[in-house]
Each structure stands twice: as structure tokens, then as C-alpha cells.
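Beneath this line is the structure, given in C-alpha cells, with notes to follow.
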């Protein structure tokens with residue numbers, strides 16, 4: 001049993017972590033409670049802000065009026081992204097890029113993906129299809145097939161290294177070992193690669209990726225870049241690890257691995273949540289609560305045959321019509337109607353349609369965020385996480 | 001040009017069964033199939049090896065055929081039949097009189113039945129509705145239609161049968177008023193082949209009229225769409241039927257790692273381009289839940305629909321039309337075999353082959369009921385544990401398919417498509433429905449030089465669309481979560497586009 005936290009953040013994904021770090025960075029006592037590792041571990045690790053246009057921040061003006069970005073505003077978004085960048089550099093996982101300019105990275109299918117901030121290991125991933133580069137692949141690697149890329153990028157070629165293991169996480173773990181890295185570097189040098197750039201699936205270590213990345217680049221005299229892979233994604237795991245460390249460094253507490261068991265409410269205030277854990281339940285008391293449980297994939301929202309529910313507080317959730325209009329027929333038509341589902345909030349990120357005073361909502365559980373349609377995933381999570389933390393703090397300080 | 005004695009059009013269970021029977025009786029033949037084996041109603045049914053119980057009341061003749069064939073297939077096809085047994089359950093409110101008629105009907109036909117008390121039935125299938133009134137046990141089994149077709153084809157290939165999959169028959173060649181051959185177009189290269197034969201058999205099921213029309217003929221069939229849903233695990237280890245007149249949503253069949261629940265019956269005009277309506281899913285799920293209460297909370301991983309080619313009769317609806325079959329002699333060398341069921345495929349093939357033998361004036365007995373299906377020795381059978389020999393390099397985690405298995409099938413002659421691998425290995429048929437392993441399988445196909453990267457991209461794209469079409473009517477709950485994850489992988493991480 002702990003004394004009440006200044007704020008309890010439910011959800012350990014990017015928005016929840018950014019909210020927690022923002023508050024902890026200003027001396028607040030915070031706790032993050034999470035069912036488990038968040039969905040950002042499955043992501044490319046890149047921070048998409050808004051795919052449309054050259055300057056993602058300018059594009060925000062043309063988003064529909066209910067999009068959560070409007071609650072933060074251009075300046076707020078830019079500040080939040082810079083805060084994120086500062087945090088990640090401190091954790092040894094620097095991000096490169098300009099918040100006012102979109103950039104591209106190569107995907108495992110040989111396509112270019114528009115994003116904004118990228119891990120330094122992907123800095124040189126913006127190849128155009130006619131540029132020459134050399135792919136270093138791994139023997140029988142389960143989730144990476146270089147021919148998908150070489151068929152689209154006509155001047156690319158590949159070589160295959162036998163790591164003795166075929167999974168993404170397994171190969172990444174090998175790179176944590178200095179001896180393995182020595183062998184790999186010697187092999188690359190022996191290939192006498194002509195191309196200016198070297199591409200590698202994103203397996204260059206888990207914790208030490210910076211060192212691995214820079215060593216390969218320096219010893220081979222080539223510009224190296226990682227290509228994001230299918231889950232489990234190393235850049236996604238690194239991103240999550242960095243944020244978690246940043247929070248712990250700021251003396252935030254984390255409660256991991258339990259589901260939310262029950263919510264205690266008194267009048268218009270939430271007082272505590274109880275988590276189920278292995279063998280015992282943990283009660284976490286807070287003065288304010290921030291809901292950052294994400295959308296359907298992470299379980300913040302849940303759909304039944306004909307409705308959408310919010311899973312922790314049973315907040316009123318917006319959803320578009322009946323099930324037959326939730327999805328379009330075309331799989332590739334990004335932007336299915338169901339993406340609009342979520343919690344509607346006021347200008348201070350408090351949920352609409354409820355009496356609760358001390359609850360704030362951020363991240364993709366917000367209604368109208370339409371992350372796939374606008375390709376604004378991590379950017380929206382960072383911006384609303386920081387913004388919700390600020391309004392939460394404002395409300396708290398005023399009390 | 002290919003010359004042969006008998007041309008079989010259609011690679012469903014009937015066509016494959018005829019190929020085996022002809023092979024065993026020493027008749028040269030060539031089978032032409034526009035896709036892969038079992039891509040029509042054969043592969044889109046519920047995989048039930050009928051005991052005959054379902055037809056015992058209204059269609060005793062079909063029921064008798066089913067019961068006899070059920071017994072034969074259990075004997076000859078051990079590796080594609082799972083002896084699950086089946087129950088007909090009577091719930092509160094279901095007519096007791098129908099139960100009496102049912103038992104009487106089974107008695108007349110000779111179907112073995114056993115009356116079970118509710119507690120005995122619950123011992124056998126704990127997931128049953130505990131308020132059931134009673135259950136009747138019948139020898140229903142579950143059958144793998146893909147395997148069944150492959151094994152029949154093995155007998156044909158061993159004896160020199162020509163098998164042309166991914167070939168569409170574009171024309172029937174007629175000379176002096178007789179059908180003497182066909183032209184067929186290869187799907188990928190569009191190369192055209194001419195095949196000449198003395199007899200042409202139209203075994204194309206729901207597509208029977210399209211083929212008969214090429215020779216100016218027609219067949220008397222009615223098309224009825226039946227939709228099904230797939231659960232993410234086995235809720236029951238026995239087939240569960242509702243003890244009442246045939247109706248929507250009255251059956252749940254365990255099949256490998258999943259259960260299939262259905263069906264509906266909706267008249268359709270065109271066998272191509274059918275889909276499942278969300279309302280059908282709701283009907284099936286609601287009905288199945290009455291028999292198996294857990295069904296309501298079970299994740300549905302896919303829906304699909306097949307088209308039943310029923311022998312036409314006047315003024316009857318799809319449920320009451322006989323499930324019997326007919327052989328139609330068009331009088332010009334073309335024969336059509338229509339109607340029937342997966343369960344009676346062997347009998348249909350036997351009768352069709354008898355007809356061929358009569359035309360040729362040959363007397364060789366049918367042996368397909370006695371000889372076990374060939375090629376079963378190489379199959380693993382059902383227990384998943386048997387597939388765990390090589391834990392490394394598993395490509396499809398849901399169905400435990402290894403890289404070796406994919407590479408072996410990819411290397412076989414005739415493997416052109418992702419579907420060919422799926423049907424032969426069960427890759428992508430489990431809970432994630434190919435979300436992860438398809439990308440891998442196509443990567444391996446490229447590596448093996450079985451297809452160009454462009455072809456594999458086109459196939460991946462088509463696969464994702466087809467998969468989505470099957471999943472969309474049942475998107476809620478955990479399956480919606482899964483789907484959004486798959487969407488974020490293909491459209492987000494890989495940034496895959498619709499057209500190149």
C-alpha cells in the first residue's frame with residue numbers, strides 16, 4: 001500500500017510514458033500501471049507525425065476539426081517532439097530528423113515509408129529506388145527476405161551471413177556479444193562491398209545498438225542503416241526500453257503485468273485502481289489519473305458485435321454506426337471508419353459525458369485520432385501525452 | 001496436344017475421385033482444374049463426414065449413401081478422417097416428435113444411434129448447453145477435404161494420370177456432332193493446350209452449367225450458398241448437430257485446431273464472387289451459442305462461403321432438395337455429374353466410372369472401396385505433437401509448419417500459388433490466418449525461384465484482400481484487435497501499397 005501518487009498513469013505505451021516522464025521531470029510523484037509491454041514494441045520505432053505533405057506540422061491545419069492534434073497545436077507538438085528527442089538522446093538512443101520536415105525510410109518490402117523522426121540507425125534509410133546499396137541479410141532469417149527489396153530497387157544487391165539463429169530477437173541478441181560482432185565485421189570487410197550504403201534488417205543489438213551501429217559503419221567505411229522488420233521489432237523494443245529507463249531515472253514507479261482489477265470512485269473523483277498481479281493485488285492511489293491505454297490492439301478499447309467500450313473506467317466511447325460500416329471492403333483502404341472510435345475529450349483532455357474531475361485521456365484511445373489514416377501514430381501519442389500531463393499538472397497545482 | 005481416353009474437368013472431390021477410380025481400372029485420363037484441388041464447394045464445406053443422420057428424416061436415400069460411404073472412408077482414409085463421433089442434441093423447446101421421427105429414420109436406413117442422457121452427453125462434450133434434454137450419438141466424423149483430394153490424385157499420378165491444375169477450360173472441341181476434346185489456358189503463362197479424349201466428364205459442381213454451355217448443353221442444378229465461420233480453437237471434440245429439422249446454424253464441426261460452424265442456405269445465381277453477410281455471421285453465432293454457450297465469447301477468425309450444386313427439382317427450397325446425385329449423358333460424348341455431397345464423392349466416382357466402362361465396353365470392377373488411399377504413409381495424421389519433430393525454423397506458428405515442409409511443397413511440380421502451399425501444409429489456416437506466415441512463405445517461394453518477386457508481391461496483395469474479405473463480417477472483440485495489428489504491419493511497418 002502506497003501513499004497517494006500525484007498522478008497515476010494507466011498504460012505504459014508512448015503516450016503514457018511521455019505523460020509520466022513530463023510529470024516526474026517536474027518533481028511530481030507518478031506511477032505507471034500497465035498490463036504488459038506496450039504495442040509500440042511492435043512498431044518501427046520511427047516517429048510518424050503526419051504523412052501528408054513535406055512539413056508535417058503545417059499539415060495539421062487541414063486535419064478534421066475533432067482530431068486530437070488540434071488540442072495541442074503546432075507549437076505544443078513541436079515542443080513535445082523536442083522533449084522526446086532530448087529524453088531519447090539522454091538514454092543513448094538518439095533520434096535524427098527535423099520536426100518540420102518529413103523524411104523516408106526503406107521498409108522490408110522495398111517500399112519507402114514516410115515518417116518524421118527516426119532512430120539514428122535509420123538515418124541513411126531514405127534511399128530512392130534508383131540508388132545503389134548493399135543489403136546484409138541472415139541465413140534463413142524468418143522475417144526478412146531481401147528479394148522483396150532487390151526486386152524493387154534495381155541497383156541493390158545482397159549477401160547472406162549465417163548467424164546460426166534465424167529469429168529477429170535471436171540475431172539481435174548475438175550482436176550484444178563482442179566476439180560475434182568481430183566475426184560479423186570481418187565478414188563484411190571480406191565482402192569488399194562496392195556500394196556506398198549498407199542496409200541491414202533491424203537486428204543490430206538490443207541495448208548496445210549505438211555502439212554496434214557505429215562500429216560497423218566506421219570499420220566498413222560505409223553509411224549503414226537498419227531496415228525495420230516485422231514484430232518483434234528491435235527499434236520498437238529499444239524505444240520502449242528508453243522511455244521506461246527515462247521514467248525510472250526520474251524516480252517514477254512502474255507496476256507491470258497486472259490487469260486493472262477495480263476502480264474506486266468517490267463522487268466526481270477517482271481515488272484508486274487495484275491491479276491484479278500474480279498472487280496478489282496491488283492498490284494504487286492517486287490524486288489524478290491519466291488514461292493512456294491505447295486503442296483496440298493494446299486493449300484500451302474493445303468492440304462487441306454492435307458497440308465499442310472503454311475497458312478501464314467504462315467511459316462513454318464514440319463509435320461510428322453499426323458493424324457493417326466499421327470497415328471498408330478494401331484491405332488497403334487505410335482509414336476504416338472504426339479508427340474514429342474512442343474517447344472524446346474537452347480542451348483539457350478530460351473525457352466528455354462523465355462527471356469525473358480528476359481523469360485525463362491521451363494517446364490513441366482518443367476519438368478521431370485515426371492513426372492509420374493519417375500515419376500520425378507515435379507523434380500523436382507524444383504530443384497528447386505531454387499535453388495531457390501539462391493540463392493535469394495545471395489542474396493539480398491550482399487545487 | 002495431349003491425347004487421352006477420358007478428360008475430367010474439375011478438381012473437387014468428385015473429379016479427384018473419378019481420376020483415382022479410372023486409374024485403378026487402368027483407363028488413361030487427364031484432369032483439368034482451373035485453380036488448385038478443392039477450391040470450389042469441396043474446400044468450402046464444413047468438412048463433415050456425414051453419418052447420414054441429417055438426412056434420415058427427409059432424404060433416406062441420401063442418408064443411406066452417406067452412412068455406407070462414411071463406413072468406407074473411415075476404413076480407406078485414416079489419415080484424412082478424424083473419428084470424432086457426433087451428437088444430435090435436443091434443447092428445451094425442440095420438438096420431441098422430431099426426435100422420434102429422427103430415430104425411426106435412422107433405424108430404417110441402418111445408421112447406428114445411441115441415446116444419451118444429458119449428463120452422459122456433457123461427459124463427452126463438456127461445452128454443451130447444460131440444460132440440454134438429451135443427445136443422440138451418431139458416427140459423424142471430421143474430414144480434411146484438401147488431403148482427401150490430394151490422396152485421390154496420388155493414385156492417379158502413380159498410374160500415369162495427367163493432372164493440369166491452374167488450367168481453365170476455355171472451349172469444348174466438337175467434330176461431327178461429338179465432343180472430342182477441350183482447350184485449356186494456363187493461368188499464369190496464359191499458354192493454351194489442346195487435350196483430346198473419347199469421353200469428357202463435367203465434374204465442376206456449381207460451375208456445371210458454365211462448362212456444359214461450352215458444348216451447347218445444360219445441367220439441371222440449383223445453386224445454394226452456405227456460409228460458415230471458423231473459431232480460433234476446438235470448442236468441442238465431437239461434431240455437434242441440433243436435433244431439429246435442418247435449419248441455419250445447426251452444426252459445429254471440430255477440424256484440426258479449430259471448429260467450423262454453419263451453415264446458411266441462400267439461393268444464388270453465380271457461383272463466383274460470393275461473400276458472407278455480417279447478418280449470416282450473427283445468425284450462425286447466435287444458433288451455435290444455443291448448443292455451445294461458450295461460442296458467444298469465442299473468437300471467430302474467419303468466415304467463408306461455398307456454393308452447393310443441388311440437383312434441381314420443382315418448388316422446393318435449398319434445404320429440402322435431395323442431396324442425391326445424377327449422371328447426365330448429353331449424348332455427344334459429354335457427361336455431367338451433378339449434385340451429391342463430399343461424403344458420397346467415392347460412390348459418385350464409382351457410378352461415373354461404371355458409365356465410362358460401359359461406353360468402352362470394358363468390365364473391370366471398382367476397387368476404390370477396398371484399397372486404402374495411397375500416400376497416407378507419408379502424412380503425419382492429426383496430433384500436433386507429431387509435427388513437432390523440428391522445432392527450429394517454424395514458418396507458421398499456428399499450425400506448426402516448418403521451413404522444410406514449405407520448401408518441399410514449393411519444390412513440387414504444379415506448385416504455383418500460395419494456395420497450393422496452404423492446402424498441402426495447412427500454413428495460414430490457424431488463428432492468425434496467415435497474417436505472419438504468408439509473408440514468409442512467399443519469401444521462401446522467391447528464394448526457391450518458384451516465382452518472381454513481382455508474382456509474389458501480387459500474390460501477397462491478393463491474399464491479404466481475400467483474407468480480409470473472409471474476416472470482415474466477423475470483426476469484433478479479439479479478432480478486431482488481431483486485424484488492426486495485421487493492418488499496422490502490412491500498411492504501417494511494410495508500407496505495402498494497393499497497386500504497384
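Would you say residue A:221 is over 23 Å from the mean Cα position of the chain (by Cα), within 21 Å of residue A:125 (Cα to Cα) and away from chain B (no Cβ under 14 Å)? Here the answer is yes, as residue A:221 does meet what is asked. For the criterion of being at pLDDT below 85, surrounded by fewer than 23 Cβ atoms within 10 Å (Cβ to Cβ) and in a helix (DSSP H, G or I), residue B:497 fails. For the criterion of being under 30 Å from residue A:246 (Cα atoms) and either within 13 Å of chain B (Cβ to nearest Cβ) or in contact (Cβ under 8 Å) with a residue 60 or more places away in the chain (or both), residue A:106 passes. Taken as a whole, the stretch B:454-470 holds at least one residue that is closer than 17 Å to residue B:407 by Cα, facing chain A (nearest Cβ under 9 Å) and free of Cβ contacts under 8 Å to residues at least 40 places away in the same chain. Would a scan of the stretch A:135-147 turn up a residue that is on the phi > 0 side of the Ramachandran plot, surrounded by fewer than 19 Cβ atoms within 10 Å (Cβ to Cβ) and either part of a loop (DSSP other than H, G, I, E, B) or not assigned by TED's automatic domain parsing to the domain that holds residue A:88 (or both)? Looking through the stretch A:135-147, at least one residue is on the phi > 0 side of the Ramachandran plot, surrounded by fewer than 19 Cβ atoms within 10 Å (Cβ to Cβ) and either part of a loop (DSSP other than H, G, I, E, B) or not assigned by TED's automatic domain parsing to the domain that holds residue A:88 (or both).
The criterion of at least 3 residues that are within 14 Å of chain B (Cβ to nearest Cβ) and in contact with a helix residue (DSSP H, G or I) (Cβ under 8 Å, 6 or more places away or on another chain) is met, among strands (runs of 3 or more DSSP E) falling completely within the stretch A:227-335, by A:301-303. Please indicate, with yes or no, whether at least one residue in the stretch B:88-96 is closer than 30 Å to residue B:338 by Cα and either in contact (Cβ under 8 Å) with a residue 24 or more places away in the chain or outside any loop (DSSP other than H, G, I, E, B) (or both). Taking every residue of the stretch B:88-96 in turn, at least one turns out to be closer than 30 Å to residue B:338 by Cα and either in contact (Cβ under 8 Å) with a residue 24 or more places away in the chain or outside any loop (DSSP other than H, G, I, E, B) (or both).
Yes/no per residue for (1) in a loop (DSSP other than H, G, I, E, B); (2) at pLDDT below 95; (3) not assigned by TED's automatic domain parsing to the domain that holds residue B:245:
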{"site": "B:31", "(1), (2), (3)": "no, no, yes"}
{"site": "B:35", "(1), (2), (3)": "yes, yes, yes"}
{"site": "B:62", "(1), (2), (3)": "no, yes, yes"}
{"site": "B:84", "(1), (2), (3)": "yes, no, no"}
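Per the listing A:117, A:23, the residue uniquely closer than 30 Å to residue A:156 by Cα, crowded, with 18+ Cβ neighbours inside 10 Å and more than 14 Å from every other protein chain (Cβ to nearest Cβ) is A:117.
Selection of strands (runs of 3 or more DSSP E) fully inside the stretch B:169-261 by the criterion of at least 2 residues being free of Cβ contacts under 8 Å to residues at least 40 places away in the same chain returns B:178-186.
Under the condition of being out of contact with any strand residue (DSSP E or B) (no Cβ under 9 Å at 6 or more places or on another chain) and either within 10 Å of chain B (Cβ to nearest Cβ) or farther than 16 Å from residue B:484 by Cα (or both), the residues counted in the stretch A:336-347 number 4.
Against the definition (within 20 Å of the chain's Cα centre (by Cα), away from chain B (no Cβ under 14 Å) and surrounded by 17 or more Cβ atoms within 10 Å (Cβ to Cβ)), how does residue A:33 come out, yes or no? Considered against the rule, which asks whether it is within 20 Å of the chain's Cα centre (by Cα), away from chain B (no Cβ under 14 Å) and surrounded by 17 or more Cβ atoms within 10 Å (Cβ to Cβ), residue A:33 comes out as yes. Of all the residues in the stretch A:1-58, those that are farther than 27 Å from residue A:105 by Cβ and assigned to a strand (DSSP E or B) number 11.
Selection within the stretch B:431-453: residues that are touching a strand residue (DSSP E or B) at 6+ places or on another chain (Cβ under 7 Å) and assigned to a loop (DSSP other than H, G, I, E, B). The member of this set that is nearest to the other protein chains (Cβ to nearest Cβ) is B:433.
Quick one: is residue B:422 more than 11 Å from every other protein chain (Cβ to nearest Cβ), part of a loop (DSSP other than H, G, I, E, B) and buried (at least 23 other Cβ atoms within 10 Å of the Cβ)? It is false that residue B:422 is more than 11 Å from every other protein chain (Cβ to nearest Cβ), part of a loop (DSSP other than H, G, I, E, B) and buried (at least 23 other Cβ atoms within 10 Å of the Cβ).
None of A:179, A:221 is at positive phi, loosely packed, with under 15 Cβ neighbours inside 10 Å and without any contact (Cβ under 8 Å) to a residue 24 or more places away in the chain except A:221. For the stretch A:30-38, check the following and say yes or no: at least one residue is at pLDDT 95 or above and farther than 17 Å from residue A:275 by Cα. Checking the stretch A:30-38: not a single residue is at pLDDT 95 or above and farther than 17 Å from residue A:275 by Cα.
The values are calculated or read from the model by the stated rules, or taken from the named source; none is laboratory data. Note that the structure is a prediction, hence the values are computed from the model and not measured. As a convention, Cβ positions derive from the backbone with ideal geometry for all residues, glycine included, and neighbour counts pool all protein chains shown.
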